[in-house]
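Student: The structure that follows is given in the form of structure tokens.
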Amino acid sequence: MADSKQNATPSEFNSENKQTVNKKKRSPLERVIVWGLISVALIVVLLEVNARYGYSNTLTEMQNRIAQEADGKEFLLKDAKAMVKGFPYGDERLTQSGKQLQYRWFSLFRTYAIQISVGIDGEVLSLETDVEQFDDKNLKAESSKPLVHRPALPENGLSSKFENVAVLKTDKLESQYPNMKGMLTREIVRQAFLIGAREGLGLKTRDASLRGEVLLIDNPETFPLKLITQIDPSREVTIDLERPYKNKPPFHWYSEPFILPQELGFEVLIEKTEEFSRKDFVDALKQAGYTGKAPQWIEASTIPDTSLQRLNEWNLVSQYTVIQDMHAAIENEGESPERLAVLVRAYANLGSLTESLWSPAHKVFKARALLYAERLTARREDSPWALAHRAYARAFAGRHRSALTDIEVIRSVKSENSENKRPLPDWVDLIDAYCVYKPDVLDKAVKNEDTKHLAIYLSSLLTDPVANEKQMLTITEQLLELEPACCRAMDRLCEVNSLGILRVVTEQRLDTLWPQIYRKLLEGHLPDSGKAPIEKYLSTPFNLISEPQLRVQVIDFLKDSESKAMEPSLNGLGQLLQEISFLHTHRKLKLLTGNLRVNADDVLSQSRPLVKGHPYEQFIESYSSNPDEAKAAYEKLLQSHDPHELEFNSFPMIFNSNYKLNSQAYNKLYMEAVENVDFVYQDLFRRVLCLKELVSENRQEQNSMFAGLLLRVSPHMPQTVALNIDTNREYVEKHNAELMEKYGKNPVVLTALVNRHLADYNDAKAEELLQRRIAIVPDYQSYTTLANIYKNRGETEKWKKTLEKALELPSTGLRNPLIQSKLAHYHMERGEWELAKPYAMKAAATYSGWGLQCAAKCYEGLGDLKQAEAFRRACSMRYKSSAADWYFWCVRTGQGDIESARQLAEKYLLANPDVNNLDLRMQIGVFQTIQGAKKQAFDIFQTAFKKYRDAYCGLHAALLADELEFTDQRDNLLKQVSQQWNKDFAKAELSNLFQRNLQKQDSTDWRPICFQSLIAQVSNGSPTNYYYFAGKFLEQRGQSELAEKYLQLAATSPMFVKYNCVLAVHHLRTQNKKIGARRTMEMDADYGQAVLLLHKALYLKNTEKLESAIKKIDEILELKPDLVIALTHRAQANESLENYAEAISDYKKAIKIEPEYWLPHHSLVFLLAACEREEIRDGSLALKHAQQSLELLPIKFWVNYGALAIAYAETGQFEKAIETQKQAVLLAPEKQKGKASQRVRLFSERKPYRRSSKKK
């Protein structure tokens, strides 16, 4: 108050004095009243603050804590009480499920109340706000009753007839140990418990993990069991069992904890839980109220010939029937080693046959196989015969190394007790051959009647459907000849890349499978009422109902079966058949909408009955051609699916969510699938296949991680070997001799070796291996890879002859037309339109989008614009993704029915735009630009750039912002594009060129030499885009002559399918400028030939043919002495040859020609600061060039900071070197961060960086 008065103005001072003089003095009573009112007001304020603070903070903490329950973290009452803030008053009452507590914060203005419901076990069940206060009557009534603790019961459950049936629900595995989180790990424990119920008490069992086996009802009398397994970070395992009751507290049982070893923890988990299945789980079930008697143990039994025969039938119905027979025999006659052995093999077979289905069933079957195998080894004290069966189960479960361990033990046994001796099965060598990769052993076994069924099946699993398509077709046909009802064989056929094969399989052969399945059902345990419609259908040539109608009828009959007699149930069999039907439906729709890109709404409508009630039914609905309907279907799917069932075999469903719905949906589904991955071969390899579909900076690191994991699980599989070749150069060097000896005929490994040599620029070795691969398995991929080697060398005739040789292969799908398209483009690039025509017409005959476009380009070159338009129109009418191409063609050529073309483009581009399709967004942006709607075009390109970080869209948005005078947005967009250097260096550098020009006072100071050196480095098609971008930018700067030159280069480019070519033509026409004649080379005449030679020189340089590369660059510089990038590359080649004087001379020449081009400065830094020769190093000069390189770029690249750091270190300024290198690490791409970080450590040790003499 005193400070305020000292600073008061004179008028304020006088006013205050006047008020003081006139103020009346209050009586003591008045003072009491006033102070009392102030006190009341203060109390009200304090109460309100307490109420609001306490309520809001308590509610926020509790809500956040409840959200963590999704991660498996229980919310207990003691935790809730610790979160209560402020000074509330509380109350509580008992309920049927436990009790309810209320906390109330007093307020005069509103109700601040929180009510939590707590179960008997102290876990918070629910949280409510603004609730009514407990009334006295209710409290008295509740307190007068005896205290009975009852947890909340599920709304749905089971009928009384399941009272003594062990029905187990599926609960999430709560594992904090990374290697033990998957679905198979969960099922090991669950299935051990169910085996304890079946074999330990003779109970019937029903398993919720087998979709359809547990049918819940309203108003239940009993409830499924709940089994929760927890694995903590130290690998300690605890198992909790709960049996809810309707009229009494639930039963709880807790296992004794046990710790898994770090190595072979999975196998020890099987061993421990199998042991539990013989004692602990049995005791727990008895304590829970289940009654029964274990089947007797008999030392030997005979297996019926029909069961043994069915074991060799590779279809799931036969294997299911064998399993039902064995469980019935054990129940009725007793458990024996032979019956356990058959269960091991049948469950293992069934697990393998169903592993392509989008269902957890295959993990259930594999877990049962592993556990019954462990039970057998325990019963037979690890006899070789029992170990052979365990190896069988492990092999099919994907634990190949563990299977081989068992086989090694078997073979190490010199002799054994002849008493009760059982001979080793004749299939042991086949399991060994599969796991260790001995295809010759399997080939030999095919000729043996006793082993051929298993040998053919294992061979089909070993054969890669992409790398060895011919062998896959051969072996699959052999398998289908033996077993026409083999769904897995059809799955393998659907994994090939050939469109022709995919069409035949999905359009015809999948449907032929079902009559074969029906015949197997008739041989099994289908009730007579279910057999009748099948028998009628199979015996009548002309049926009143179609096969799909019969399929629905059979599946519904099985799924609705109420019989408890069989184990596993008919319900589970019905669900498996629907899983097959679902997968077939997906394959058909994917082919139509994905490969053929046609509307599949009619097929979708016909397929709905086949997938009705399937958990992923909404995924099928997402194939609708209506984007809104597809999006709505995915939204429903995300609400209804069970995340604990999602695996990477359903990756198409995960992948499609990204563009059908959004990236958040994709990330959610992807991470849910990750949580269910097991450390088995199939799961790990599937992850690798999924990574191939993704664009990821750290894909190589992820592949390297999975390569190491696969070596631990399955070291001999060709895919494991190939992945390690791809990711680990040391692996190749260490195993080189073994690789060629063991895998010298395997296309997967040979292809990996080819790619390794190509990555190392050893094209001679790659050529040698490709010739070897072609001799073994001549295929399209090998020929085209070999042709590309010749093309990169500039050996055009060899390239052409190699492709023509590939045309002699049997045509499967679009492969020959693809080659014919390449040959057509080859002749078109040379202006040989008549020679191109026959190839182009063969490509167009496929009616593929690229084939129609190829023919359109050819006819345009021939001058037949009418025919060219016909092909363009056909392509736009057929393919939604090309709907605008016809219109763009009309705009560019000034010919054709432009109004009809525009209407078609509007219909597809603007009526139902797919916002998740980058190319569609580009087309809309180009369309709006042509229409003159620049603001709308700007919005489209800017949004696309923000969503996809696509530099092409970013540059379009920036240039449109420039035209619209959105200066701040233009500058911001150019900055962001420049930051994309790690992803798209050329557009980033072009954006930097624009920014540097804008920063100069003289905006006409364009650097054409920098620009030409930049576009000399980009691939075919890109110069057209860059010419347009530069022309538009310079036009806005008033450089009309140079702008028109660049725009004409874009408009007359031979790459006229480029959007920027169309835009350049349209823009020039709006200015009444005449368009020049079409060129045969994309670069302008002065630079075209030089750039062609430069590409050849770079190939020679990369393959370390350095002298030849220098000679080629000499030719270039004779043509274009000012091509700075050529001088820079010659300097680098001389560096590698240790011709340092020549290298420095070339760098200095480049800098003299164009001092504002950053790259020569940057390259010179490494020579002057890091050369291994002391006489060459000059730290001060290196620092000068490093600083200049950095200053030339408005947006700095990570490599610039790296060069500056090296120069600082060379001059002894290590603190600056460390700081600068850390900036380089921050900006570096993921795959470079490791090496960049090493330099930080080097500088921290006060050591400068030194290059090796041979710099790549």
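The values are calculated or read from the model by the stated rules, or taken from the named source; none is laboratory data. Just so you know, these numbers come straight off a predicted model, no measurement behind them. Neighbour counts run over all protein chains shown; Cβ positions are idealised from the backbone, glycine included.
Student: Take the residues in the range 619-674 that are of a type in the set (Ser, Thr, Tyr) and in a helix (DSSP H, G or I), then tell me which one is nearest to Phe685 (Cα to Cα).
Tutor: If we take residues in the range 619-674 being of a type in the set (Ser, Thr, Tyr) and in a helix (DSSP H, G or I), then Ser650 is nearest to Phe685 (Cα to Cα).
This table checks each residue for (1) in contact (Cβ under 8 Å) with a residue 24 or more places away in the chain; (2) buried (at least 21 other Cβ atoms within 10 Å of the Cβ).
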| residue | (1), (2) |
| --- | --- |
| Ala1203 | yes, yes |
| Glu1210 | yes, yes |
| Glu1215 | no, no |
| Gln1221 | no, yes |
| Gln1232 | yes, no |
| Ser1237 | no, no |
| Ser1244 | yes, no |
| Tyr1249 | yes, no |
| Ser1252 | yes, no |
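Student: For the range 460-474, which residues satisfy the criterion of being under 17 Å from Glu313 (Cβ atoms) and more than 24 Å from the chain's Cα centre (by Cα)?
Tutor: Ser460
Student: So, of the residues in the range 821-861 that are of a type in the set (Phe, Trp, Tyr) and touching a residue at least 24 places away in the same chain (Cβ under 8 Å), which turns out to be nearest to Glu1082 (Cα to Cα)?
Tutor: Taking the range 821-861 first, the residues of a type in the set (Phe, Trp, Tyr) are 826, 833, 839, 847, 850, 859.
Now drop any that are not touching a residue at least 24 places away in the same chain (Cβ under 8 Å), which leaves 826, 833, 847, 850.
Working: Tyr826: 14, Trp833: 17, Tyr847: 28, Trp850: 20 Å.
Among residues in the range 821-861 that are of a type in the set (Phe, Trp, Tyr) and touching a residue at least 24 places away in the same chain (Cβ under 8 Å), the one nearest to Glu1082 (Cα to Cα) is Tyr826.
Student: Tell me which residues, restricted to the range 694-705, are more than 21 Å from Gln176 (Cβ to Cβ) and either in contact with a strand residue (DSSP E or B) (Cβ under 9 Å, 6 or more places away or on another chain) or part of a helix (DSSP H, G or I) (or both).
Tutor: Of everything in the range 694-705, those that are more than 21 Å from Gln176 (Cβ to Cβ) and either in contact with a strand residue (DSSP E or B) (Cβ under 9 Å, 6 or more places away or on another chain) or part of a helix (DSSP H, G or I) (or both) turn out to be Arg699, Gln700, Glu701, Gln702, Asn703, Ser704.
Student: Given the options Leu461, Leu480, name the one that is at pLDDT 90 or above and under 25 Å from Ser782 (Cα atoms).
Tutor: Exactly one of Leu461, Leu480 is at pLDDT 90 or above and under 25 Å from Ser782 (Cα atoms), namely Leu461.
Student: Can Asp726 be described as more than 22 Å from Lys438 (Cβ to Cβ), among the charged types (D, E, K, R), in contact (Cβ under 8 Å) with a residue 40 or more places away in the chain and buried (at least 16 other Cβ atoms within 10 Å of the Cβ)? Write out each step before concluding.
Tutor: Details: more than 22 Å from Lys438 (Cβ to Cβ): yes; among the charged types (D, E, K, R): yes; in contact (Cβ under 8 Å) with a residue 40 or more places away in the chain: no; buried (at least 16 other Cβ atoms within 10 Å of the Cβ): yes.
For Asp726, the condition - more than 22 Å from Lys438 (Cβ to Cβ), among the charged types (D, E, K, R), in contact (Cβ under 8 Å) with a residue 40 or more places away in the chain and buried (at least 16 other Cβ atoms within 10 Å of the Cβ) - is not met.
Student: If I ask for residues that are closer than 16 Å to Thr238 by Cβ and either in contact (Cβ under 8 Å) with a residue 12 or more places away in the chain or in contact with a helix residue (DSSP H, G or I) (Cβ under 8 Å, 6 or more places away or on another chain) (or both), which ones from the range 259-299 would you list?
Tutor: Selection gives Ile259, Leu260, Gly265, Leu269, Lys272, Thr273, Glu275, Phe276, Asp280, Phe281, Ala284.
Student: Could you list all residues from the range 844-861 that are surrounded by 24 or more Cβ atoms within 10 Å (Cβ to Cβ) and in contact with a Ser or Thr (Cβ under 7 Å, 6 or more places away or on another chain)?
Tutor: Gly851, Cys854
Student: Looking at the range 1167-1242, what helices (runs of 4 or more DSSP H) fall wholly within it and have at least 2 residues that are under 36 Å from the mean Cα position of the chain (by Cα) and not assigned by TED's automatic domain parsing to the domain that holds Gln979?
Tutor: Here the list reads 1198-1210, 1214-1227.
So that you can scan it fast, the table gives a plain yes or no per residue for (1) under 30 Å from Ser848 (Cβ atoms); (2) touching a Phe, Trp or Tyr at 6+ places or on another chain (Cβ under 8 Å); (3) surrounded by fewer than 16 Cβ atoms within 10 Å (Cβ to Cβ):
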{"site": "Val721", "(1), (2), (3)": "no, yes, no"}
{"site": "Asn755", "(1), (2), (3)": "yes, no, no"}
{"site": "Leu770", "(1), (2), (3)": "yes, no, no"}
{"site": "Asn792", "(1), (2), (3)": "yes, yes, no"}
{"site": "Ser811", "(1), (2), (3)": "yes, no, yes"}
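Student: Also, quick follow-up: Tell me whether the range 955-972 contains one or more residues that are of a type in the set (Gly, Ala, Ser) and surrounded by fewer than 17 Cβ atoms within 10 Å (Cβ to Cβ).
Tutor: Checking the range 955-972: not a single residue is of a type in the set (Gly, Ala, Ser) and surrounded by fewer than 17 Cβ atoms within 10 Å (Cβ to Cβ).
Student: For the range 1079-1166, please list each of the helices (runs of 4 or more DSSP H) lying entirely inside it that holds at least 3 residues being within 40 Å of the chain's Cα centre (by Cα).
Tutor: 1085-1102, 1124-1136
Student: Still on this structure, please answer the following. Failed condition for Ala386, given (1) of a type outside the set (S, T, N, Q); (2) closer than 21 Å to Ile188 by Cα; (3) surrounded by fewer than 24 Cβ atoms within 10 Å (Cβ to Cβ), with all others met?
Tutor: Going through the list (1) of a type outside the set (S, T, N, Q); (2) closer than 21 Å to Ile188 by Cα; (3) surrounded by fewer than 24 Cβ atoms within 10 Å (Cβ to Cβ), Ala386 breaks only (3).
Student: Can you find even one residue in the range 766-779 that is within 30 Å of Asn179 (Cβ to Cβ), at pLDDT 90 or above, assigned to a helix (DSSP H, G or I) and among the acidic types (Asp, Glu)? I'd like the intermediate steps shown before the answer.
Tutor: Of all residues in the range 766-779, those within 30 Å of Asn179 (Cβ to Cβ) come to none.
Checking the range 766-779: not a single residue is within 30 Å of Asn179 (Cβ to Cβ), at pLDDT 90 or above, assigned to a helix (DSSP H, G or I) and among the acidic types (Asp, Glu).
Student: Same structure, new question: Any idea how many residues of the range 341-380 are touching a residue at least 40 places away in the same chain (Cβ under 8 Å) and among the hydrophobic types (A, V, I, L, M, F, W, C)?
Tutor: Going through the range 341-380 one residue at a time, the tally reaches 12.
Student: If you don't mind, there's one more thing I want to ask. Out of all the residues in the range 508-536, which are of a type in the set (A, V, I, L, M, F, W, C) and assigned to a helix (DSSP H, G or I)?
Tutor: If the condition is that a residue be of a type in the set (A, V, I, L, M, F, W, C) and assigned to a helix (DSSP H, G or I), then Leu510, Leu513, Trp514, Ile517, Leu521, Leu522, Ala532, Ile534 are the ones that fit.
Student: I would also like to ask the following. Going residue by residue through the range 941-952, is there one that turns out to be under 30 Å from Asn626 (Cα atoms), among the acidic types (Asp, Glu) and in a helix (DSSP H, G or I)?
Tutor: No, because not a single residue in the range 941-952 is under 30 Å from Asn626 (Cα atoms), among the acidic types (Asp, Glu) and in a helix (DSSP H, G or I).
Student: Return the residues of the range 675-693 that are among the aliphatic types (A, V, I, L, M), assigned to a helix (DSSP H, G or I) and under 22 Å from Glu187 (Cβ atoms); say none if nothing qualifies.
Tutor: The answer is Leu684, and nothing else.
Student: Within the range 294-395, considering only helices (runs of 4 or more DSSP H) that don't extend past its boundaries, which have at least 2 residues that are in contact with a Phe, Trp or Tyr (Cβ under 8 Å, 6 or more places away or on another chain) and hydrophobic (A, V, I, L, M, F, W, C)?
Tutor: The helices (runs of 4 or more DSSP H) meeting that bar are 337-353, 361-379.
Student: Can you name the condition, by its number, that Trp889 falls short on among (1) modelled with pLDDT under 95; (2) more than 25 Å from Leu661 (Cβ to Cβ)?
Tutor: (1)
Student: It is to be established whether one or more residues within the range 821-834 are under 22 Å from Met922 (Cα atoms), out of contact with any strand residue (DSSP E or B) (no Cβ under 7 Å at 6 or more places or on another chain) and in a helix (DSSP H, G or I).
Tutor: No, the range 821-834 has no match at all.
Student: I would also like to ask the following. Check whether at least one residue in the range 1085-1096 is surrounded by fewer than 23 Cβ atoms within 10 Å (Cβ to Cβ), in contact with a Lys or Arg (Cβ under 8 Å, 6 or more places away or on another chain) and more than 28 Å from Lys1149 (Cα to Cα), and report yes or no.
Tutor: no
Student: Which residue pairs have Cβ atoms under 8 Å apart, sit 6 or more places apart or on different chains, and have a first residue in the range 731-748 that is under 12 Å from Pro715 (Cβ atoms) and a second that is not hydrophobic (A, V, I, L, M, F, W, C)?
Tutor: Tyr731/Asn724; Lys742/Tyr437
Student: Inside the range 870-922, can you point out the residues that are in a loop (DSSP other than H, G, I, E, B) and farther than 27 Å from Ala630 by Cβ?
Tutor: Within the range 870-922, Gly894, Gln895, Gly896, Asp897 qualify.
Student: Further question: Go through the range 610-632 and give me each residue that's under 24 Å from Gln549 (Cβ atoms) and surrounded by 15 or more Cβ atoms within 10 Å (Cβ to Cβ).
Tutor: Leu610, Val611, His614, Pro615, Tyr616, Glu617, Gln618, Phe619, Ile620, Glu621, Tyr623, Ser624
Student: Please determine, by comparing only the residues of the range 70-121 that are modelled with pLDDT of 80 or more and of a type in the set (S, T, N, Q), which one is surrounded by the fewest Cβ atoms within 10 Å (Cβ to Cβ).
Tutor: Among those residues, the one meeting the criterion is Ser117.
Residue-by-condition table, conditions (1) surrounded by fewer than 23 Cβ atoms within 10 Å (Cβ to Cβ); (2) out of contact with any Lys or Arg (no Cβ under 9 Å at 6 or more places or on another chain):
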| site | (1), (2) |
| --- | --- |
| Lys842 | yes, yes |
| Ala868 | yes, no |
| Phe871 | no, no |
| Lys880 | yes, no |
| Asp897 | yes, no |
